[in-house]
Structures are given as structure tokens and as C-alpha cells.
Amino acid sequence: MNTKKKYAVLIRLLLMLYVVLISNCNNKKSLSLIKTKQLDFAYYEVSKEKYDWPSISPAPEYWGGLTPQYHLASGFREGDCQDVAWQNEGLIAGCKEIVLQQKDTIIFIKNRSELKKIFSPISSKQEALSFACAYADYFPITDLSFYNNKEDYYYLRNKDISSIDSLNSYYIVHLYDYETFGCGPHPYYAVDVKVYTSGEVKELTRNEAFRNPDTDNQCVD
């Protein structure tokens, strides 16, 4: 085999390897995330009634990338909101809060400005994903098993998982949102979010991805 043929064969092999690598990257079946450290509920409940603290529930597992890594809970406080974006859209008037435990101190994050003050700058892909989800109630799809038992859904896009792209001063995070309240349909949206290292968050695109036709006529308050 002469030199030109050897080079041609080598180039073809390299191209085949490149295609395989790209295919594997574009068909990832799961996304590994840092799990959230949960707040000590027993410790919290001791003081809840005494200090009129809000009701809490476990924090989403995908908040674990927030740095510093405090023990967290998801809070809901009835009444007026400090941040309209965190206002409950359902029948009960109230606001989302993020509750964190720092040693023996409980801190209530009541708006996006306080969230940025505590957790920015954003310095990693996982932190960008967790921050975007805490900031605006998006959620990631971390495994293709999410789509199991959803064969009867209407799909307008491919069955994808979430991903994060890192650029110079910001991250592009591919997440999802769900239209819970109101009368149907109740679609899931694929959302592209820009997260700046400074903690600014900007939604870039929102497109309906899929929905359950069984909920098209449902009304949720």
C-alpha cells in the first residue's frame, strides 16, 4: 500500500471515530447531578410554631449544585410576596421561599436578589443548572427513563435529557417547565436559559415539547 492510500485509510478511520464520538455525545441517556443536602426537619419543626416560620417540604434533588452547599428545604409562606416571580399561581395566595440551614441558624431566601447574593458568582455547570432551577422553578430531565410509561403523550420534540454548555461569562442550560395551573392543556416546555456568572438569569427560548392528552380538559387551581 503506497503512502497516499495509507493516509486515505487513516483519514477514513479518524472520520469514523469522530462520527461515533459525536453520536455518543448526542445520545446520552443520563445526566449525573450533585444531590441536595436536605434540611433537618426535626430541628426546624421545634421552632416553626414559635417563630411563625413557613411550611416546608424537601428541596428538589437538583438544587445540589448550589454553592456554598447548605442544607436546604423548599418553603411556602401564605400572604404577600417580596418577589412577584415567586408568587404562587394556584388558589392559595402565597410565595415560594428557599430555606437553608447554616449550622444552628435558619435563613429564609424570599426573592431572587437574595438568592443571587448568597449563591453567586456561578462557577460551574452544575451550579448553573441548580441556580436556574431555584431561580425560576425550572427542572431538569436527567434520565431517559423519565419518558417511560409516557408512550401516549403528544411529542413535538425529541425525547431529550437536560444539558449544560459552558461559555466565557455564562452558561446555556437546557431545562424543562410544566404548566401546572389553569385549564388545559398542560404542556411541558423545553426551555433554554442563559445563566451569567454574576447570577443573572435570562430565558432565551421556550417551546412546547410534549403533553399528556388526558389532562387537556383538566382545570387546576
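A few notes on this one:
- Number of residues in the stretch 18-42 that are at pLDDT below 85 and part of a helix (DSSP H, G or I): the value is 9.
- Residue check for Ser145: in contact with a Lys or Arg (Cβ under 9 Å, 6 or more places away or on another chain) and either over 30 Å from Tyr51 (Cα atoms) or of a type outside the set (A, V, I, L, M, F, W, C) (or both): yes
- Restricting attention to the stretch 173-191, the residues being crowded, with 16+ Cβ neighbours inside 10 Å and part of a strand (DSSP E or B) number 9.
- Residue within the stretch 186-198 that is farther than 22 Å from Gly64 by Cβ, more than 15 Å from the chain's Cα centre (by Cα) and not assigned by TED's automatic domain parsing to the domain that holds Glu61 present: yes
- Among strands (runs of 3 or more DSSP E) entirely within the stretch 80-168, having at least 1 residues that are in the same structural domain as Trp53 (by TED's automatic domain parsing), free of Cβ contacts under 8 Å to residues at least 24 places away in the same chain and crowded, with 19+ Cβ neighbours inside 10 Å singles out 94-102, 105-109.
- With respect to (1) modelled with pLDDT of 90 or more; (2) surrounded by 14 or more Cβ atoms within 10 Å (Cβ to Cβ), the lone exception for Ser57 is condition (2).
The values are calculated or read from the model by the stated rules, or taken from the named source; none is laboratory data. From a predicted model like this one, the values you see are computed outputs, not experimental measurements. With ideal geometry, Cβ positions are generated from the backbone for all residues, glycine too; neighbour counts draw on all protein chains shown.
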